[in-house]
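Have a look at the structure below, then the notes.
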Amino acid sequence: MLVCEHASPFMPEVFGRLGLDEESASAHIAWDPGALDVAKAMSEALNAPLVAANYSRLLYDLNRPPEAATAMPERSETYDVPGNRDLDDAAKQERIAALYHPFHALVAATIEDVQKRSGQAPALVTIHSFTPVYFGQRRETELGILFDADDRLAMRMLERAPGFTRLRAEPNQPYSPADGVLHTLEMHGAEKNLPRAMLEIRNDLIAMKAAADQVAGELARLFAEAMAIMHLETGRPSRPVPKARAVW
């Protein structure tokens, strides 16, 4: 199954764009441009359910635990976020209850649903994009495949990436587990021992939908190849899952 935690820049009017101007509130600090287009196309290609957020990561970053300072950041890269400054505990708990818990409850329920319908635990893949310029520094990475202690899926994708995608794939780039970016994978994948990986795509490479669809097709084929190899190695047949979609 697929998860896209930073799919939307939407902020309800009650939050007043958190004090940001319109341009800043729609910049990469607020969401992952192109990630939802890739996630939706991969969902269709793989016949896989997708859980995607429908609000800005600045209200609550769903890929961070409640105790993380970056869950409701006062500053993101070079941008101050006035609406997150000096939040008291009650305000934080309100966002956690309204945004974080329902989203991750749906992720958990969708994993259970896939397992029940297919008779086997699903692989878990999260889809992200990253800005090509960060703190004024150009990033050369095109595709990052991130993993935690379980690298089964990620390593097979990395090994076979040159044959399936035009993008240059690198392990744990432009972030790594030390940056605290694998919360969703660890929360939902580690306990159930799910094969798992996080995909980070440079957002200028998926800025147009046609480009996002092309990348999604390449990554879907790469993922399918990696899973097929894993099934061959374990001797476990891969069975298709009836179509289901969950977008929160």
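Rg over Rh for the stretch 152-229 works out to 0.97, both radii taken from alpha-carbon positions and Rh defined as the Kirkwood radius.
Averaging over all projection directions, the Cα-based convex hull of the chain occupies 12.8 nm² in the image plane.
Among 26, 129, 118, the residue with the largest mean-square fluctuation in a Gaussian network model of the chain, with springs joining Cα atoms closer than 10 Å, is 118.
For the chain, the Cβ-based charge dipole about the Cα centre amounts to some 1020 debye (Lys, Arg positive; Asp, Glu negative; other atoms uncharged).
I'd like to know which of 155, 26, 93 lies farthest towards the positive end of the charge dipole of the chain, counting +1 on Cβ of Lys and Arg and -1 on Cβ of Asp and Glu. Working it through, the farthest residue towards the positive pole turns out to be 155.
For the stretch 12-56, backbone nitrogen atoms closer than 16 Å to the point 7 Å from residue 86 Cα along Cα-to-C-beta are found at 19. Note that the stretch 37-103 shows a convex hull volume over its alpha carbon atoms of 102 Å³ per residue. Beta bridges assigned by DSSP with both partners in the chain are antiparallel in approximately 35 percent of cases. Ratio of Rg to Rh for the stretch 77-197: 1.03 [Cα atoms; Kirkwood radius as inverse mean 1/r over pairs].
Accessible area per residue for the chain, computed on protein heavy atoms with a 1.4 Å probe, is 45 Å².
The values are calculated or read from the model by the stated rules, or taken from the named source; none is laboratory data. Owing to the predicted nature of the structure, the values given are computational and were not obtained by experimental measurement. For neighbour counting, all protein chains shown are included, and Cβ atoms are generated from backbone atoms with ideal geometry for every residue, glycine included. Areas reflect the complete protein model, heavy atoms only, side chains present, ligands, DNA and RNA absent. Shrake-Rupley method; radii C 1.70, N 1.55, O 1.52, S 1.80 Å.
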